[in-house]
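Report on the following structure.
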Amino acid sequence: MDREPISGTTAKSERVEVWIRELKDKDPDGRKRALEDIDDLRAIEILIHALFDEDPSVRAEAAWNLGDTSSPAAVDHLIKALTDDDEGVRRSAAWALGSLGDSRALDPLIRSLRDGSWRVRFAAAESLGKIGDKRATEPLISALMDEDETVRAGAAWALGEMGDAGTVDHLVKLLDDDNSGCRTIAAEVLEKMGWVEPNHYKRRATKFIERLWRRSR
């Protein structure tokens with residue numbers, strides 16, 4: 001629905017009333033559209049309210065949008081959403097917590113590295129990399145051995161963001177991973193960390209990096 005631009009305190013009040021009315025739409029798609037249209041980042045209470053919607057797609061949309069608010073008030077609610085029954089909600093909450101970068105999410109995201117969904121584990125790994133707290137180093141090293149290759153790659157990327165030289169040996173092992181994507185990410189991360197080990201791993205890392213460069217041209 002198109003809305004006329006309005007400004008000032010009255011404008012905010014009117015927008016909030018419209019959003020609340022649309023969030024009561026009996027159609028889940030209608031409620032999702034209302035969330036997508038929220039452009040006033042001060043309307044945190046609306047998004048938090050939507051985290052309790054009966055439809056998981058609406059809850060997931062609300063969680064995702066909360067990640068764009070930069071609001072500390074959203075953190076505790078998103079942490080609770082990490083235990084939602086729906087995979088999509090948990091994944092959106094994990095992504096949002098990474099965007100907010102609040103250290104309160106550290107332990108909950110570490111627990112999410114053991115989630116039953118690889119999508120949630122991947123989002124948790126990447127978000128831990130964005131937060132950058134080195135207390136997540138050991139859990140991320142463990143995630144390098146995850147059964148899912150996407151999670152392994154996400155953990156490698158996160159460790160690269162932290163830049164801890166003590167993780168190099170673990171990342172080197174990933175150069176022998178069965179999945180080419182994992183090997184490529186490991187090579188990129190090692191190159192970023194200034195790894196100069198003079199052996200066949202170094203040559204392999206260089207080969208992958210050159211291949212990436214050629215593909216990006």
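All of the numbers you see were taken from the coordinates with simple rules; none came from a lab. None of these values were measured; they are calculated from a predicted model. Quick reminder, even Gly has a Cβ in these numbers, built from the backbone with ideal geometry, and neighbours come from all protein chains shown.
Using 0.36 nm per residue and subtracting the Cα-Cα separation, the extra length available between residue 87 and residue 179 on full extension is 30.7 nm.
Full extension of the chain between residue 111 and residue 52 gives 19.0 nm of extra length, using 0.36 nm per residue less the Cα-Cα distance.
Compute the length gained on full extension between residue 130 and residue 104: take 0.36 nm times their separation in residues and subtract their Cα-Cα distance, giving the result in nm to one decimal.
Numbers: separation 26, 0.36 × 26 = 9.36 nm, distance 1.33 nm.
The span from residue 130 to residue 104 would gain 8.0 nm if fully extended.
With neighbours defined as other Cβ atoms within 10 Å of a residue's Cβ, the residues 97, 82 order from fewest to most as 82, 97. Here the residues 162, 145, ranked from fewest to most Cβ neighbours within 10 Å of their Cβ, fall in the order 145, 162.
Sort 138, 61 by Cβ crowding within 10 Å, fewest neighbours at the top. Provide the component values of the computation, followed by the final result.
Details: 138 11, 61 26.
The order, fewest Cβ neighbours first, is 138, 61.
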